[in-house]
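Working notes, structure below.
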Amino acid sequence: MRLAYSLRRLVMKTIIHLLISGAIIASGSGCHSNNMEHKDTVMGAAQAPKHTGGTASDDEAAIRALEDRFTAAFNAGDIDAMMKNYIPDKSLVVFDVVPRKQYLGADAYREDWVDFFSHFRETPKITITDLGITVDGNIGFSHSFQHVMGIDKQGNSINRTVRVTDGYRKIGGNWLIVLEHVSVPVNMKTGKADLTNE
């Protein structure tokens, strides 16, 4: 039990370091012309009620509500609503499971979602399970399994589960995804992704 707790604290410290480093890099690389412009952009991102102060359980509930909004938007095929759960500027970092080293910025990731939905005959559906959330101040992270089902343009049934780790920052009272990593297990014998592993 003590080892599990220690590992969890180590993961949290690592993610906090990455999130803070990313924020420093973004602010110093010309991503925002000034802090006020950045604040105005972020304030318009989330439609959820603001959560100021509160306890860790309140923040966990707010992040869980964010993931629920994401799921509803995905299942409706509403990319604009999906993107309101992400930080809306160039500081967003995403490592997706599809070939491309990384997506930097909300605009680039939005294009990824447009391409994703274009491969389906009808809107695919997603379910999120085993959602675990950790919050420490204005920083949080979660891990989950996300299961996508649908029919592609060729009539093939798509049934895939991916592992998702999200990093969040609480900005202006709203939680937003600022870092996302999507992955699948790899069969070490074949070197190929194991898309059927449950």
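All of the numbers you see were taken from the coordinates with simple rules; none came from a lab. Keep in mind it's a predicted model, so treat the numbers as computed, not measured.
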For this session: Starting from the Cα-Cα distance between Asp130 and Asp58, subtract it from 0.36 nm times their residue separation and give me the gain in nm to one decimal.
Result: 24.0 nm
Problem set entry | Flagged links, alpha-carbon separation over 24 Å, of Lys84/Lys125; Lys125/Lys153; Lys125/Lys189; Lys90/Lys125 | Lys125/Lys189; Lys90/Lys125
Seminar exercise, completed: Here region 74-81 yields Karplus 3J(HN,Hα) values (6.51, -1.76, 1.60; θ = phi - 60°; whole Hz; Gly and Pro given as x) of 4, 5, 8, x, 9, 5, 4, 5
